[in-house]
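**Q** Okay, here's the structure, questions in a sec.
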Amino acid sequence: MLLIPCPWCGPRDETEFRCGGEAHVTRPRDPAVVDDAAWADYLFMRKNLKGNQAERWVHAAGCRRWFNVIRSTVSHRILAVYRMGEAAPAIPERDAWP
């Protein structure tokens, strides 16, 4: 079980949160002029990294605010938490894993 540190409420059990997927995915500026392939790429294609990945999370059973988490997809260790709109902290690409 993860203990996720909400930037507003402090550390809480993972059952209070919902993952919103990869963070920092940029929506096309003018979706009306984007072709189907580019739109499908925006909607469905994600990095799905083995290692450290930035993800969006919402504190669904708490303050209901969205924030970003850098989490190792190998160990599930949370390396950093930061609010939406803030710059991501400098984290190595790989957590300690072989």
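**Q** Could you rank the peptides 38-45, 9-16, 24-31 by their average count of other C-beta atoms within 10 Å per residue, with the highest value first? Mind dumping the intermediate values first?
**A** Values: 38-45: 11.0, 9-16: 12.6, 24-31: 8.9.
So the peptides 38-45, 9-16, 24-31, ranked by packing, come out 9-16, 38-45, 24-31.
**Q** Assign one of three labels to the range 38-93, namely rounded, prolate or oblate, based on the Cα gyration tensor with a ≥ b ≥ c the square roots of its eigenvalues; rounded applies when a/c is under 1.5, prolate when it is not and a/b is larger than b/c, and oblate otherwise. Can you show the working numbers first?
**A** Numbers: a/c = 1.65, a/b = 1.12, b/c = 1.47.
Verdict is oblate for the range 38-93.
**Q** What spacing in nm lies between the two simple spin-label points modelled at Ala88 and Leu3, each 7 Å away from Cα in the Cβ direction?
**A** In this crude label model, Ala88 to Leu3 measures out at 2.6 nm.
**Q** Would you compute, for the Cα atoms of the chain, the largest minus smallest coordinate along each principal axis and list the three values in descending order, in whole Å?
**A** 43, 37, 23
**Q** At 1.4 Å probe size, with the rest of the protein present, what percent of the exposed accessible area of the range 1-89 is carbon and sulfur atoms?
**A** The value for the range 1-89 is 51 percent carbon and sulfur by accessible area.
**Q** Run the dipole for the chain about the Cα centre, Lys and Arg Cβ at +1, Asp and Glu Cβ at -1, nothing else charged, and hand back the magnitude in debye, nearest 20.
**A** Using Cβ point charges on Lys, Arg, Asp and Glu, the chain gives about 260 debye.
**Q** On average, how much accessible surface per residue is there in the range 1-61, in Å², for a 1.4 Å probe, leaving out ligands, DNA and RNA?
**A** Result: 69 Å² of accessible area for each residue.
**Q** Using only DSSP helix segments of four residues or longer, with each worth -39500 (n - 2.57), what per-residue ellipticity at 222 nm results for the chain after dividing by its residue count and rounding to 500? Present the calculation step by step, with values, prior to reporting the outcome.
**A** On the way: 1 runs with 9 residues, N = 98.
Dividing the helical sum by the residues of the chain leaves -2500 deg cm²/dmol.
**Q** Under 15 Å from a point placed 7 Å out from the Cα of Trp39 along the Cα-to-Cβ direction: which residues of the range 1-28 have their backbone N that close?
**A** 27-28
**Q** Given the Cα-Cα distance of Asn48 and Arg18 and 0.36 nm per residue of separation, how much length would full extension add, in nm?
**A** Result: 9.1 nm gained on full extension.
The values are calculated or read from the model by the stated rules, or taken from the named source; none is laboratory data. These numbers were taken from a predicted model, which means no experiment stands behind them. In this analysis, Cβ positions are derived from the backbone assuming ideal geometry, glycine residues included, and neighbour counts consider all displayed protein chains. In case anyone asks, the SASA skips ligands and DNA or RNA and just uses the protein heavy atoms, side chains included. Shrake-Rupley method; radii C 1.70, N 1.55, O 1.52, S 1.80 Å.
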